[in-house]
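One structure is given here, and the rest of the page talks about it.
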Amino acid sequence: MEKASWKKLLLWLLAAACFFPVISPPLALLGGVIFAVLLGRVDGERAARVQPYLLQGSVVGLGFGIHLTAVFHAGSTGLAVTAGSLLATMGLGWLLARGLRVERTTGQLISAGTAICGGSAIAALGPVLGAQPREMSVALGCVFVLNAVALFVFPGIGHWFALSPEQFGYWVAVAVHDTSSVVGTAVRYAPEALAIAVPVKLARALWILPMVALAAMSARKPGGKATVPWFVFLFVAASAVASFWPAGGPVYPWLVAAAKGGLAATLFLIGTSLSPGMLKAVGWRPFAHGIALWLVVSGLALWAVKHLV
């Protein structure tokens, strides 16, 4: 009992330490992975409950650093690209799942996570599809691992292809699964990339609602419910406050700094869930499905932003 207690205490002390500016998002994620390897998964249920609230609060806080006009410009510009990419990703995901003989529900969850916003889409769609805990874990594990790879690899790829901050912002919003990793990756590249990536990614998050509604009708489970992503609207409200109430100017940088710290803490907690046991449970077929789908989507999105943005 005492042994478990000191591990829990250490977990939350390290999560709190992520709020210091010296801890970057990649370093926080790496620290979480190392923690999981050395000490195993600690206080996993509580960490899983805290993650979404911490992430959503951090996204709202970032709104205080992005002007409202940039939010609407980025969201409206990416609307057509978003709709087309969602349909193409889901279709390709279905074909790859059949070809690799991935379980149907697991394949649908991975495809939805790749198409929209990673863990949030999987969590919303799973109950509607009647997904078993093992299927949910497999899909989430696959998405989380690919998020970790993107956080470390994508900034280097962006510099290699000489992407502008605007181009990089659009690319990561389409190609990276979870909002936390999108924000962390954009922060590493340039502040201007963050101003594009966040609103485009949040615009994609809104597609969770019609996706879940359609899945409920297809499965003939009208009782399936989608969680309304209220934090998206709060993000817009925060941006509006910062844009039209200059009197709060001295406070906004502190709120943005706290939001970035919350993001790092979120990534640390995500890293603590990436234990060797979880990776082994995923198996190679779902991983092959997720990686193949991700590579195609990332490659096409990179070509599109390089030539069309």
Self-check item: Accessible surface of segment 1-57, 1.4 Å probe, proportion on carbon and sulfur as whole %
Solution: 70 percent
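Can you work out the accessible area per residue across segment 91-132, with the rest of the protein chains kept in place, probe 1.4 Å, in square angstrom? Could the numbers behind the result be given before it?
Numbers: 1670 Å² over 42 residues.
For segment 91-132, the solvent-accessible area averages 40 Å² per residue.
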Practice problem: Keeping the other protein chains in place, figure out the carbon and sulfur percent of the accessible area of segment 95-209, with a 1.4 Å probe. | Solution: 64 percent
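The values are calculated or read from the model by the stated rules, or taken from the named source; none is laboratory data. Nothing here was measured: the structure is a model prediction, and the numbers come from that model. Calculation scope for accessible area: heavy atoms of the full protein, side chains included, ligands and nucleic acids excluded. Shrake-Rupley method; radii C 1.70, N 1.55, O 1.52, S 1.80 Å.
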